[in-house]
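> Dropping a structure here in structure tokens format, bear with me for questions.
The values are calculated or read from the model by the stated rules, or taken from the named source; none is laboratory data. The structure displayed is predicted, hence computed values, not measured ones. Here the Cβ positions follow ideal geometry from the backbone for every residue, glycine too, while neighbour counts run over all protein chains shown.
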């Protein structure tokens, strides 16, 4: 057994000294964390799978406690009945050079070509509403950042605008002229990156919401706007409108007045897609959807 496997075995034996590591494999798809699958034989004779997540340098620089925070948040969300991986163990830096969390392996995968798009969108909207309805009143959530602060930092951060085709200067000017936004909704738990790639499906059923490293507290409209643009990218504008209507019908207590501003923040946050190496035809489609999204938001602001 090589040194890396030995570390993994020591880690699972922290949970139960009778655990024996059978194999490990690297899981692809994530860029913000190193994700490894573990298969182990328990002392009961049962074979189970787990995942170890080691956060990347950028996330650790932003929040040195990110692994402990994600472990804590997953426990809170699991207790609230949300479909998230069970957190098993947090390790600071004992076996590895970076902190890590050991979590449940859930059989499922992201789905970008669903057989029933209407039901797919309904499940996505329903689970976002469930996240935002978690009662925060008696929860200890001081470890979570205020996500509005990161959006303001993004707005004020000077960056070279390489692509004026996406109207980024206009977006910044409009947002800056209306800052700070008045608070119209109670603070809720936000996923921070709720998009189809962070949602796992099995047999057309949403089975898990993953990758909570961007989570925080804030206005539910921040999550909604980000998801709207992502859904328009991956499933089209009609699906985005359906998603929006479903969410709104489930969350009558939310004030949607400031949604166009959060949509502009989402457009700014997701404006780097031309650098993602997409096929040119897909990039062009996304450009048109991004521009339409921004145009609708600015038009709505003009009406208010």
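> Of the residues that make up the stretch 281-288, is at least one in contact (Cβ under 8 Å) with a residue 12 or more places away in the chain and surrounded by 23 or more Cβ atoms within 10 Å (Cβ to Cβ)?
no
> Could you check, for the stretch 40-59, whether at least one of its residues is modelled with pLDDT of 90 or more, farther than 15 Å from residue 103 by Cα and surrounded by 15 or more Cβ atoms within 10 Å (Cβ to Cβ)?
Within the stretch 40-59 (the criterion being modelled with pLDDT of 90 or more, farther than 15 Å from residue 103 by Cα and surrounded by 15 or more Cβ atoms within 10 Å (Cβ to Cβ)), the answer is yes, since at least one residue qualifies.
Every residue, every condition in (1) crowded, with 17+ Cβ neighbours inside 10 Å; (2) assigned by TED's automatic domain parsing to the domain that holds residue 186, yes or no:
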{"site": "100", "(1), (2)": "yes, no"}
{"site": "110", "(1), (2)": "no, no"}
{"site": "121", "(1), (2)": "yes, yes"}
{"site": "125", "(1), (2)": "yes, yes"}
{"site": "130", "(1), (2)": "no, yes"}
{"site": "137", "(1), (2)": "no, yes"}
{"site": "140", "(1), (2)": "no, yes"}
{"site": "143", "(1), (2)": "no, yes"}
{"site": "147", "(1), (2)": "yes, yes"}
